[in-house]
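S.K.: My questions all concern the structure below.
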Amino acid sequence: MKIFMGGTYDPVHCGHLRMALELSELFKPVANATGSTAPSAEIHLLPCFQPVHRGEPGATSQQRVAMLTMATEGEPALVVDQREIQRGGPSYTVESLEDIREQCGAEEPVALVLGTDAFNGLASWHRWQEIPQLAHLIVLHRPGWALSTTDELKELMSVRNVAEISALHAQPAGCILPLELTGLDISSSKVRTSIMSGHSARYLVPDSVWRYICDNRLYGYQY
């Protein structure tokens, strides 16, 4: 199974990384017949180039990729996927999934990871009805957010909701799996606000990322 976790990553923070790591362990392949330990599943972190539903990022695409690369160094389960950065233009998820599906073939299970907040806005996305046809949706609970009760998403959940990971392995796309992992109440906007207010973001982001932010004076950082 291919698992993709999109976002602006402006900047990447410890909440992103902890959720991705727990997902990699949760979707760890079954050990082979010899009984050897199977590696954790790869989680592809998919930074967008130009976000469609928010303003311009505070860091450039190159800076955001650099921070992601630093943050995931030494963790083979987390892979930085630059396809949206390389494609340029508005980052429409459906176009990325079409590209992924062409690369993976029609039969391999593909999953897209969304936070509750992103899922609640799904009906406003470009060609959103096509997304469940291209990939499963893994909806991660975020502190302070409940699943949307709008008619469109209620209908989608009623048709596609599953409770077991095994359902995602059984078909290439089409399921929605709500999950609750370790809920670190951290967001990129909170990190940026903290920095702009003159506070340290250390321990909200990896140390290497914090040093990079300081060295490049990102997000209004002042010495």
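The values are calculated or read from the model by the stated rules, or taken from the named source; none is laboratory data. Source: prediction; values computed, not measured. Cβ atoms come from the backbone with ideal geometry, glycine included; neighbour counts cover every protein chain shown. For accessibility, only protein heavy atoms count, side chains too; no ligands or nucleic acids. Shrake-Rupley method; radii C 1.70, N 1.55, O 1.52, S 1.80 Å.
S.K.: Of L179, L114, L122, which residue is aliphatic (A, V, I, L, M), in contact with a helix residue (DSSP H, G or I) (Cβ under 9 Å, 6 or more places away or on another chain) and farther than 25 Å from E25 by Cβ?
M.R.: L122
S.K.: Looking at (1) closer than 21 Å to E95 by Cα; (2) modelled with pLDDT under 95; (3) aliphatic (A, V, I, L, M), which is the one condition that is false for M5?
M.R.: (2)
S.K.: Also, I was wondering about something else. Any idea which of S166, S158 is without any contact (Cβ under 8 Å) to a residue 12 or more places away in the chain, under 17 Å from A111 (Cβ atoms) and exposed (fewer than 12 other Cβ atoms within 10 Å of the Cβ)?
M.R.: S166
S.K.: Filter segment 68-114 down to residues that are of a type in the set (G, A, S), open to solvent by 20 Å² or more (accessible area, probe 1.4 Å) and within 20 Å of W128 (Cβ to Cβ), then give me how many there are.
M.R.: Looking only at that region, the number is 1.
S.K.: Sticking with this one: Determine whether segment 173-187 contains at least one residue that is more than 23 Å from L122 (Cβ to Cβ), in contact with a strand residue (DSSP E or B) (Cβ under 6 Å, 6 or more places away or on another chain) and outside any loop (DSSP other than H, G, I, E, B).
M.R.: Scanning segment 173-187 turns up no residue that is more than 23 Å from L122 (Cβ to Cβ), in contact with a strand residue (DSSP E or B) (Cβ under 6 Å, 6 or more places away or on another chain) and outside any loop (DSSP other than H, G, I, E, B).
S.K.: Whether any residue in segment 46-58 is in contact with a strand residue (DSSP E or B) (Cβ under 6 Å, 6 or more places away or on another chain) and not aliphatic (A, V, I, L, M) is what I want to check.
M.R.: yes
S.K.: Now a separate question. Restrict the check to segment 176-191 and report whether at least one residue is open to solvent by less than 20 Å² (accessible area, probe 1.4 Å) and more than 24 Å from V52 (Cβ to Cβ).
M.R.: Scanning segment 176-191, I find at least one residue that is open to solvent by less than 20 Å² (accessible area, probe 1.4 Å) and more than 24 Å from V52 (Cβ to Cβ), so the answer is yes.
S.K.: Right, another one. Which members of segment 55-76 meet the condition of being in contact (Cβ under 8 Å) with a residue 24 or more places away in the chain, under 28 Å from S194 (Cβ atoms) and in a loop (DSSP other than H, G, I, E, B)?
M.R.: Matches in segment 55-76: P57, G58, A59, E73, E75.
S.K.: Ok, one more. Yes or no: R142 free of Cβ contacts under 8 Å to residues at least 60 places away in the same chain and under 30 Å from A163 (Cβ atoms)?
M.R.: It is true that R142 is free of Cβ contacts under 8 Å to residues at least 60 places away in the same chain and under 30 Å from A163 (Cβ atoms).
S.K.: Being more than 25 Å from S24 (Cβ to Cβ), out of contact with any Asp or Glu (no Cβ under 6 Å at 6 or more places or on another chain) and of a type in the set (D, E, K, R), is that true of even one residue in segment 154-171?
M.R.: yes
S.K.: Cβ-Cβ distance below 6 Å, separation of 6 or more or different chains: which pairs start in segment 104-130 with a residue that is polar (S, T, N, Q) and end on one that is open to solvent by less than 50 Å² (accessible area, probe 1.4 Å) and in a loop (DSSP other than H, G, I, E, B)?
M.R.: Filtered contacts from segment 104-130: N120/S148.
S.K.: Just one of G121, G115 is touching a Leu at 6+ places or on another chain (Cβ under 7 Å), at negative phi and modelled with pLDDT under 95; which is it?
M.R.: G115
S.K.: If we keep just the residues of segment 127-155 that are open to solvent by 80 Å² or more (accessible area, probe 1.4 Å) and not small (G, A, S), which is nearest to F4 (Cα to Cα)? So that I can check it myself, show each step before the final result.
M.R.: Within segment 127-155, the subset open to solvent by 80 Å² or more (accessible area, probe 1.4 Å) is 129, 133, 144-145, 149, 151-152, 154-155.
Restricting the remaining residues to those that are not small (G, A, S) gives 129, 133, 145, 149, 151-152, 154-155.
Details: Q129: 18, Q133: 15, W145: 21, T149: 25, D151: 27, E152: 24, K154: 24, E155: 24 Å.
If we take residues in segment 127-155 being open to solvent by 80 Å² or more (accessible area, probe 1.4 Å) and not small (G, A, S), then Q133 is nearest to F4 (Cα to Cα).
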